[in-house]
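A quick write-up on the structure given underneath.
Values in this text are rule-based calculations from the coordinates and carry no lab data. Keep in mind that what you see is a predicted model, and the values were worked out from it rather than measured. Neighbour counts are summed over all protein chains in view; Cβ atoms, including those assigned to glycine, are modelled from backbone coordinates with ideal geometry.
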Amino acid sequence: MEAGGQTIQTRIPARMDRLPWAKWHWLVVFGLGTVWILDGLEVTIVGAIASRLQDKDTLALTAFQVAFGGTCYIIGAAIGAIGFGYLTDRLGRKRLFLATLAVYLIATVATAFTWNAASFWVFRALTGLGIGGEYAAINSAIDELIPARARGWVDLAINGSYWLGAAVGAAVSLLLLDKTLFSPDLGWRLAFGLGAVMCLGIMFVRRNVPESPRWLAIHGHEDRAERLVGEIEEQVKRDTGKRELPEPRDAIEIEQREATNIFEIGRTLFARYPRRSALGFTLMATQAFIYNAVIFTFTIVLTTFFKVSDSVAPVYLIPFGIANFLGALLLGRLFDTVGRRPMIAATYFISAVGLFLLGLLFNNGVLGLGGFIVVLCATFFFASAAASAGYLTVSEVFPLETRAMAIALFYAVSTGIGGATGPIIFGSLLGTGDKGSLFIGYIVASALMLIAAFVAALWGVDAEQESLEDIAEPLSATRTQTA
């Protein structure tokens, strides 16, 4: 531990958790959460323009060069998550959620001016670097600013908004790639420009989102933290028309520190909380597997087995994206009321059953194109909530001093393992052109989701409506007092 040394008693966590929902909380949601729309927009647009980048009138890239751009994006995201995650815990949430958005903005603008394969790869890696950093900085900040009673729903809705961006990206791609409206070498560049414009709007809102008072108090800035919470309370009173707020009950005594070294972070994750780490890895890796497997082969399945035109296939991402977004949005409340453990286990289990039925019906020739899309959307309505719950879990079950790094580590490892193996396995099975082979892929995905459901039921943490400090006591805590 790198300690500041002073021991203080604070009620900041209790003061933040007892606040009634107000306009201020919507500022946090829109300022921090809307970036996942950009991520979904980014990934979908790149998939949609893949064939356009191979035209002799544009960059004339090969299929491998375009695909390698996706690999660069994932590698950049993994590196960004680890690097920026460590800095987020060390330097603060606000500095990093502004820095990571700036990296994304610069990189996506640069991508619009790509001139060859090498520049495309570099700019995709830099874009991924910014997005990966966002996962750590944003999820940790949101959890520390949103009241405990609404944390589950807000986290799921925000992470699920990725699919809103995916749906928008699919729709916008059809317009921008229309050669009757835009020249072949202009439309795809404008697509990246759209992401940059949205990013500027988010930056404008985000600059008004404050630093986490919890982080400030632990890192020796208790006076600033007290003033900030006081300002938030006054704004909430104005927004809600309340003259007085309920008295905060719990106080926590902490020994302030400047930073937490990497060795203590490792001990915390794997020695102090080994079951929680196993839970987090299982949830994150399984959802990364099925999502990357399905998304990267989505249009291939439609064009190979249902004879859908490759120019029309991306349209089906629109209902798929909407179903995913609605799943996280509508089921999110239940994670705060019914509870984390039963809902996480249930959504993973239902997703497992859905994937098996989808593969079985598809293999037996029961499903036409419409039926396939309906069953797929119904399955991922639940899978979206399950996947978002994975991010929720790793962001709330570890101490504040390690929160961003925990998110970053599990994101990077799960994306690297699950995200890489999923497309490889499904891609090789699709290469046979046989329905039975693809059915095997769905069975594998179903089995993995079933394993995750079992692990969630066994080792899940009952974190609903609980203060973050009660779920995982800060490493700097010396004792907690209850009024």
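So how far apart, in nm, are the two label points at Phe182 and Arg243 if each is 7 Å from Cα heading toward Cβ?
According to this spin-label approximation, the distance is 5.7 nm.
In cubic angstrom, how much convex hull volume per residue do the alpha carbon atoms of segment 109-181 span?
Cα-based convex hull of segment 109-181, divided per residue, equals 111 Å³.
Could you state the angle between the C-alpha long axis of helix 222-240 and the longest principal axis of the C-alpha atoms of the chain, as a value from 0 to 90 degrees rounded to the nearest 10?
That helix lies at roughly 70 degrees to the long axis.
So what's the angle, to the nearest 10 degrees on a 0 to 90 scale, between helix 184-206 and the longest Cα principal axis of the chain?
10 degrees
Angle, helix 435-459 long axis vs. longest principal axis of the chain, Cα atoms, 0 to 90°, nearest 10?
Helix 435-459 and the main axis of the chain meet at about 10 degrees.
Among (1) 25, 56, 19, 1; (2) 22, 45, 25, 7, 0; (3) 21, 49, 22, 5, 2, 0, which is the computed P(r) over Cα pairs in 20 Å bins from 0, in percent?
(1)
Could you check the spin-label model distance between Glu231 and Lys56? Points 7 Å from the Cα along Cα→Cβ, value in nm.
6.0 nm
Return His25, His219 ranked ascending by Cβ neighbour count within 10 Å, so the fewest neighbours appear first.
The fewest-first ordering by Cβ neighbours comes to His25, His219.
With just the Cα atoms defining each centre, how far is segment 155-190 from segment 125-144? Give it in Å.
One Cα centre to the other: 21 Å.
Which residues among segment 353-373 fall inside the zone where the amide N is under 18 Å from a point 7 Å beyond the Cα of Thr304, along Cα→Cβ?
The answer is 356, 358-369, 372-373.
Report the extension gain between Glu253 and Ala112 in nm, rounded to one decimal, defined as 0.36 nm multiplied by the number of residues separating them, less their alpha carbon distance. Write out the running numbers ahead of the final one.
Numbers: separation 141, 0.36 × 141 = 50.76 nm, distance 5.07 nm.
Using 0.36 nm per residue and subtracting the Cα-Cα distance, I get 45.7 nm.
Within the chain, what is the number of lysine pairs with alpha carbons under 21 Å apart, leaving out pairs fewer than eight places apart on the same chain?
Numbers: Lys23/Lys94; Lys23/Lys237; Lys23/Lys242; Lys56/Lys179; Lys307/Lys435.
Lysine pairs satisfying the spacing and distance rule in the chain number 5.
If I take R0 = 22 Å and measure r between the Cβ atoms of Ala457 and Ala278 in this structure, what FRET efficiency does the formula 1/(1 + (r/R0)^6) give, to the nearest 0.05?
Numbers: r = 14 Å, r/R0 = 0.61.
It comes to 0.95.
Measure off 7 Å from each Cα along the Cα-to-Cβ vector at Ala67 and Thr432, then give the distance between these two points in nanometres to one decimal.
1.9 nm
Expressed as a fraction of 2.2 N^0.38 Å, the rule-of-thumb size for a compact globular protein of N residues, what is the C-alpha radius of gyration of segment 218-330? Walk me through the intermediate numbers first.
Details: Rg = 24.4 Å, N = 113, 2.2 N^0.38 = 13.3 Å.
Segment 218-330 yields a ratio of 1.84.
Add -39500 (n - 2.57) for each DSSP H run of 4 or more in the chain, then divide by its residues: what number comes out at 222 nm, to the nearest 500 deg cm²/dmol?
-24000 deg cm²/dmol
May I ask for the longest run of the chain untouched by trypsin sites (Lys or Arg not before Pro) that are loop-located per DSSP and have at most 15 neighbouring C-beta atoms (other than their own) within 10 Å?
With a cap of 15 other Cβ atoms within 10 Å, the longest stretch comes to 308-483.
Just need the relative contact order of segment 186-284 here, percent rounded to a whole number, with Cα pairs under 8 Å and 6+ apart.
Contact order relative to length: 22 percent.
Taking the alpha-carbon set of segment 338-483, what are its Rg and Dmax in Å?
Cα-based Rg and Dmax for segment 338-483 come out at 18.9, 66 Å.
Among Leu164, Ala110, Ile202, whose Cα sits farthest toward the positive end of the charge dipole of segment 69-217 (+1 at Cβ of Lys/Arg, -1 at Cβ of Asp/Glu, about the Cα centre)?
Positive-most Cα among the choices belongs to Ile202.
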